[in-house]
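The values are calculated or read from the model by the stated rules, or taken from the named source; none is laboratory data. Bear in mind the structure is a predicted one, so any value in this text is a computation, not a measurement. FYI the Cβ positions are ideal-geometry reconstructions off the backbone, even for glycines, and counts take in every protein chain you see. In case anyone asks, the SASA skips ligands and DNA or RNA and just uses the protein heavy atoms, side chains included. Shrake-Rupley method; radii C 1.70, N 1.55, O 1.52, S 1.80 Å.
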Amino acid sequence: MQKVSVLLCLSWVCFLFYAGIALFASGFLLTRLELTNHSSCQDPPGPGPLPRGARGEPGACWMASRFSRLVLVLIDALRFDFAQPQGAHKPGEHPASLPFLGKLGSVHRILQLKPRHGRLYRAQVDPPTTTMQRLKALTTGSLPTFIDAGSNFASHAIVEDNLLKQLARAGRRVVFMGDDTWKDLFPGAFSQAFFFPSFNVRDLHTVDDGILEHLYPTMDSGEWDVLIAHFLGVDHCGHKHGPHHPEMAKKLTQMDQVIQALVKRLENDTLLVVAGDHGMTMNGDHGGDSELEVSAALFLYSPIPLFSSTLPEEPEVVPQVSLVPTLALLLGLPIPFGNIGEVMTELFSGNEDSPVYSSALAQAAAVHLNAQQVSRFLLTYSAATQDLRVEELQRLHSLFSKASADYRRLLQDPQGEEAELRAVAADLQQFLRGARALCIESWARFSVARMAAGATLLTAACALCLLASQWAASPAFPFRPLLLLSVAWGLAGAIVCAGLLATTGLQLDLVVLGAVAAVGSLLPFLWRAWAGWGARRPLAALLPIPGPTLLLLLARWAAFFSDSFVVAEARAAPFLLGSLILLLVAQLHWEGQLLPPKLPTIPRGGPATPAGPPRHQGVHALGLGLGLLFCTRLAGLFHRCPEETPACRSSPWLSPLASMVGGRAKNLWYGACVGALVALLAAVRLWLRRYGNLKSPEPPVLFVRWGMPLMALGTAAYWALASGADEAPPRLRALVAGASVVLPRAVAGLAVSGLMLLLWRPVTVLVKAGSAASGTRTVLAPFAGPPTSQADLDYVVPQIYQHMREVFRDQRERTSAQGPLTVAACQLGSVYSAAVVTALTLLAFPLLLLHVERISLVFLLLFLQSFLLLHLLAAGIPSTTSGPFTVPWQAVSAWALLATQTFYSTGHQPVFPAIHWHAAFVGFPEGHGSSTWLPALLVGANTFASHLLFAVGCPLLLLWPFLCESQGPRKRRQTAGSEAEARLRPEEEEEEEPRMEMRLRDAPHRFSAALLGLGLKYLFVLGVQILACVLAASILRRHLMVWKVFAPKFIFEAVGFIVSSVGLLLGIALVMRVDGAVSSWFRRLVLAQKR
């Protein structure tokens, strides 16, 4: 099998998985239909008279406006308890531990001194709690769906009816300042705007200071009707430091000063609204649906009395979308067409001097207009999509019709009682709440057909990996013809599908087209499997995975069906990894490899010789297992607690050094981080030097010697700047800011340069020999002639390598009396693994820069765990010629589990609030402008760093057993005077030094088949994980935790699979590039000898 066929086959299998994932996602993560209808003053929401005063006063539309101006202050991530007074804290928790309490003093003074002028609410936010989705809800009154969270930083213009469009139609002047997300959502909606970049979560002041520079002059000028200020400092402080940091108290104090200054400037016709778009977790993140994330503060104030009732004991809880219809009617605007929010009726009751009946009538009029608008939306939406439940829709329509008829009857009866009006208003509110619940339920709709088809395609891909991994060991299996036939069938299926869609006039769906191509390409392989499977084949051959390993994997896959186990996977993964390690050690004991040998070994073709030490001593293997368990336990100290376990405390070591208050502790931790960085670099260089891979003046070797230390130095310098940037003197801040840009880019540039050099010259071999008395001379073995075919070359190359070793030994013996023979050579015995280890180290440096400083300790543990696991796995593989060519299933399973464990140890969780957004600004502190792919790439590299590193390093599972042959070299044994006899011995007796990875070239076809089998096994283990997530999400799609646990888990596993599969292809491609370079090197050596 040619090596290019291996890459093509693995790429095709990856395509099958991609098609299945995309097909399932298109049925599981659907977005709702966005209607483009608009409300207007000329088109009332329903039949019947409008409230008195409507259309009769200037600025009136459906209802007479109560305010002509609005100041909307949006404080990003203003959690509700941030607006609570100092005395509001949890029992048993000292207020000093909550620096955010009591900082909005102006709000509390207004509530105490002017209770009828202001009111504080707890706004209930609908998930996902990301800024773009909250802005959509705050302007349209609708509910964004789950999948919209993925476009939080790739905002698109809102096409639905919204408050800003209604303001523009009414000719109102809207001035905006703050978060530039509004620029993409509402292009051209502002008469004047001051946008500031919003994505740099490490910058606490730029946006806020920019707003304050324009806020008060704009307000004093009077050239505005609606003024919107979106502050970001509180949100960024939460991301950078968390809510309990003293910096949060400073930010909230600054916001309190803003509120106080605005209150002094308000006129009687102006309404002030201070709102948070969402909350934040205890770690300062958001995006999910925990109680702290969905609880936001909402404060309303007017210089004139706004409420007729007294201040309640506890703040009222209102849905956040209720603000939209409330503001629309208060400003005399039509309610946006797609709104499903409910008006806050107490804002329409008038002041304390208003008659009771008039207040009840105004409230009923407002809620009736709101109900008419929602009823119109439901009828229009159900006619366009037909996905609302008909029974519930009819029940709601009956409820609305009855309440609306009662309302119109009461309007005609001037002697109506206030109790009847309030009863009608209550019925209308019940209708509004039922309509909102119906929409929430219906917009979580699924396409069961696509979900089932995607799961079936993933199942077929997993079965193909399982079967093909066994077929790869057979040299007679026709992989290339079947691969070409599969590609032809897939292309034919895609062409036929595209033709049918074109002739029927249906829209071309790329997801369906890819799925049809995948199914078509699968048919030849499935037919081959069906035809080749006979009754003589045992059923157990379908599952070649050993029983204990299969049991552990089944336990892991079954855990994906339980939300509790998914939440606790950070603890389950190390447990399963430790169990598998103990299983490997027990297997070595059962096979007798932990015991010293009792019988002498007999070499091939020769007499018995005294037994040397075993390749892996029992104590050595036990030490490997214990060391691996110890490192796994250490890595578990770096953990991030999921929000579902409030009793858990996340590791403080996952926070950046800049968030530490004590200078001495920060310096000690910085020294530990730099020490881990130096230890990692030193360990890799010592390993390369041990196997002779640092003895050549070739460019890649020179880069390892000098380029990697420069990368380590740049990383340490960047950490020093990042941890102390806020403490830098003002005169040096410009220099620090410039260095913070240059250093990460320089490290990334060096890493890319090193990888390019490695791909260009992956084999660095210098073969020269000379004595101390004479000049240097090249030692080459005589050769009869060049090979005439590729088969001859594959046979001759290993012989040349072995013969060179023999010539070197003979030269050393003949020149020992004259002087030592100096030999400079990069050993070919570790040429493959050296390239992979070098590539992993080059990748690790830029990935490490994207994490916080103390994760360097986790990266050091990552490399240490990998080396220990590789040695332990190599101990269980026999040293015979056929043994190492087959990577056992327990090795692949342990490697995948180690990748999962490292994912959690680097501070990640499969939920959106745990994403490390700060990684997008490493090297780009000022943001990325309009670019979205680069920040997405940086955040993705931070999140899936462990997936990438372990996938690229997967070929080491095949290479390491060959490499470990050097641990027990057989000594040359000769008696005095027998040198001539020794030279006449058969060649088999001459193989005394281990050839290590050069044995792979003895059988190039088996080498390629081994790479293919390894790749298929790794894809199978990862593929069954994503299949388990798909089945869990399908079966539990109506589960209470589907959007909180199962849907994020599926998305993270899907993206992780894509990253891992790409990394696997890159790792195998690197090994093949090295193999081709080794062949070219030997070919040049042969041609030079011929000349």
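A few comments on the model shown:
- Among the candidates 176, 190, the residue that is modelled with pLDDT of 90 or more, under 26 Å from residue 68 (Cβ atoms), in a loop (DSSP other than H, G, I, E, B) and open to solvent by less than 40 Å² (accessible area, probe 1.4 Å) is uniquely 190.
- First in segment 630-658 and under 14 Å from residue 571 (Cα atoms) and free of Cβ contacts under 8 Å to residues at least 60 places away in the same chain, second anywhere and among the charged types (D, E, K, R) and assigned to a loop (DSSP other than H, G, I, E, B), Cβ under 6 Å, 6 or more apart: none
- Restricting attention to segment 293-345, the residues being without any contact (Cβ under 8 Å) to a residue 24 or more places away in the chain and farther than 22 Å from residue 278 by Cβ number 2.
- Checking each residue in segment 645-671 for being among the small types (Gly, Ala, Ser) and surrounded by 15 or more Cβ atoms within 10 Å (Cβ to Cβ) picks out 650, 651, 655, 658, 659.
- Among the conditions (1) open to solvent by 20 Å² or more (accessible area, probe 1.4 Å); (2) within 26 Å of residue 143 (Cα to Cα), residue 281 misses just one, which is (1).
- Residue identified as surrounded by fewer than 22 Cβ atoms within 10 Å (Cβ to Cβ) and in contact with an Asp or Glu (Cβ under 9 Å, 6 or more places away or on another chain) among 1006, 995: 995
- Number of the exception - residue 48 against (1) closer than 30 Å to residue 408 by Cα; (2) open to solvent by 10 Å² or more (accessible area, probe 1.4 Å); (3) in contact with a Leu (Cβ under 9 Å, 6 or more places away or on another chain); (4) at pLDDT 75 or above: (4)
- Cβ separations smaller than 7 Å between residues 6+ apart or across chains give the following pairs from segment 427-442 residues that are under 18 Å from residue 317 (Cα atoms) to residues that are crowded, with 20+ Cβ neighbours inside 10 Å and charged (D, E, K, R): 429/342; 432/342; 433/342.
- Residues that are under 40 Å from the mean Cα position of the chain (by Cα), in a helix (DSSP H, G or I) and without any contact (Cβ under 8 Å) to a residue 24 or more places away in the chain, drawn from segment 368-397: 379, 382, 383, 390
Here is a yes/no grid of residues against (1) open to solvent by 20 Å² or more (accessible area, probe 1.4 Å); (2) more than 12 Å from the chain's Cα centre (by Cα):
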site	(1), (2)
924	yes, yes
942	no, no
949	no, yes
955	no, yes
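- Among the residues listed as 934, 861, 872, the single one being modelled with pLDDT under 90 and open to solvent by less than 30 Å² (accessible area, probe 1.4 Å): 872
- Annotation: residue 1000 fulfils all but one of (1) aliphatic (A, V, I, L, M); (2) at pLDDT below 90; (3) touching a Gly at 6+ places or on another chain (Cβ under 6 Å); the unmet one is (3).
- Failed criterion for residue 736 (all others in (1) farther than 28 Å from residue 577 by Cβ; (2) surrounded by fewer than 17 Cβ atoms within 10 Å (Cβ to Cβ); (3) aliphatic (A, V, I, L, M) hold): (2)
- Selected residue [open to solvent by 10 Å² or more (accessible area, probe 1.4 Å), assigned to a loop (DSSP other than H, G, I, E, B), in contact with a helix residue (DSSP H, G or I) (Cβ under 8 Å, 6 or more places away or on another chain) and not basic (Lys, Arg)] from 400, 337: 337
- Sole exception among (1) modelled with pLDDT of 90 or more; (2) open to solvent by 40 Å² or more (accessible area, probe 1.4 Å) for residue 697, by number: (1)
- Exclusive hit being in contact with a helix residue (DSSP H, G or I) (Cβ under 7 Å, 6 or more places away or on another chain), assigned to a helix (DSSP H, G or I), farther than 24 Å from residue 946 by Cα and of a type in the set (Val, Ile, Thr), set 1071, 1045, 1059, 1078: 1078
- Restricting 624, 681, 688 to residues that are within 23 Å of residue 872 (Cα to Cα), crowded, with 17+ Cβ neighbours inside 10 Å and in contact with a His (Cβ under 7 Å, 6 or more places away or on another chain) narrows the list to 624.
- Flag if residue 1031 is open to solvent by 40 Å² or more (accessible area, probe 1.4 Å) and of a type in the set (A, V, I, L, M, F, W, C): yes
- The residue list 104, 30, 23 contains one member that is at pLDDT below 75, in contact with a helix residue (DSSP H, G or I) (Cβ under 8 Å, 6 or more places away or on another chain) and of a type in the set (A, V, I, L, M), which is 30.
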